[in-house]
Amino acid sequence: MKTRTVPDFITIWHFLEEMAKTIDKVLPPIGQLRIIRQWAGLYNMSPDRQPIYDKVDEVEGFYVACGFSGHGFMFGPVTGTVMSEMILGLEPTIDASRLKLSRFAEGKLFTEPSVV
Ligand SMILES: Cc1cc2nc3c(=O)[nH]c(=O)nc-3n(C[C@H](O)[C@H](O)[C@H](O)COP(=O)(O)OP(=O)(O)OC[C@H]3O[C@@H](n4cnc5c(N)ncnc54)[C@H](O)[C@@H]3O)c2cc1C
């Protein structure tokens with residue numbers, strides 16, 4: 001029989017305490033805030049915890065910018081640049097060729113170590 005893993009949405013005090021200590025060090029004014037609730041959710045992960053930026057050859061006009069592995073807000077500006085240049089066929093400002101979709105089939109992963 002196939003077993004299914006149930007995602008864990010539980011919020012824990014330990015996370016809140018550790019995050020509060022860290023934030024207080026990095027941005028002291030935030031230490032004055034009162035926390036009234038916390039929230040837990042899932043984010044999508046790619047196998048190497050790096051985003052995927054590519055044109056999907058099998059589907060005409062279909063482009064993907066996904067797999068941000070919890071860093072999607074931070075990647076927002078560069079994602080706009082990379083994808084708009086790709087779609088318009090412009091010279092890329094930065095080389096994102098290692099983030100192609102085909103890297104999974106080719107086994108050319110490069111793992112991001114700082115994603116938890
Ligand atoms: C718990 C959590 C913590 C995170 N923490 C961070 C962080 O600290 N730093 C950071 O940089 N990133 C963080 N992220 C990641 C970040 O939120 C995502 O990577 C980012 O929001 C992805 O942006 P997106 O536009 O690709 O997708 P989304 O923000 O998911 O937007 C997709 C949109 O498409 C809509 N949609 C879906 N299907 C359809 C459909 N068929 N038709 C029409 N609309 C549709 C959805 O309703 C949604 O509005 C976190 C994510 C989670 C869940």
- If you go through A40, A65, the only one that is of a type in the set (G, A, S) and not in a loop (DSSP other than H, G, I, E, B) is A65
- Note on the structure: Subset of the stretch 1-34, residues of a type in the set (V, I, T) and in a helix (DSSP H, G or I), comes to T22, I23, V26, I30
- Within the stretch 47-62, residues over 15 Å from T79 (Cα atoms) and among the basic types (K, R) come out as R49
- Residue match in the stretch 60-68 (condition: closer than 22 Å to Y43 by Cα and touching a His at 6+ places or on another chain (Cβ under 9 Å)): no
- Task: Look through K100, K25, K21 and report the one residue that is without any contact (Cβ under 8 Å) to a residue 60 or more places away in the chain, more than 16 Å from the ligand (Cβ to nearest atom) and surrounded by 12 or more Cβ atoms within 10 Å (Cβ to Cβ).
- Result: K100
- Message: Step by step: first the residues of the stretch 41-67, then only those that are near the ligand (Cβ under 7 Å from one of its atoms) and at pLDDT below 95, then the one that is nearest to L109 (Cα to Cα). Which residue is that?
- Response: Y43
- Of the residues in the stretch 68-92, those that are assigned to a loop (DSSP other than H, G, I, E, B) and either more than 14 Å from Q50 (Cα to Cα) or more than 10 Å from the ligand (Cβ to nearest atom) (or both) come to G89, L90, E91, P92
- Query: Does F110 satisfy being closer than 13 Å to P51 by Cα and surrounded by 14 or more Cβ atoms within 10 Å (Cβ to Cβ)?
  - Reply: no
- Among the residues of the stretch 28-40, the number that are surrounded by 10 or more Cβ atoms within 10 Å (Cβ to Cβ) and either more than 28 Å from G67 (Cα to Cα) or more than 14 Å from the ligand (Cβ to nearest atom) (or both) is 3
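The values are calculated or read from the model by the stated rules, or taken from the named source; none is laboratory data. Since the model is a prediction, treat every value here as computed from it, not as a measurement. Counting neighbours? That spans all protein chains shown, and the Cβs are built from the backbone with ideal geometry, glycine included.
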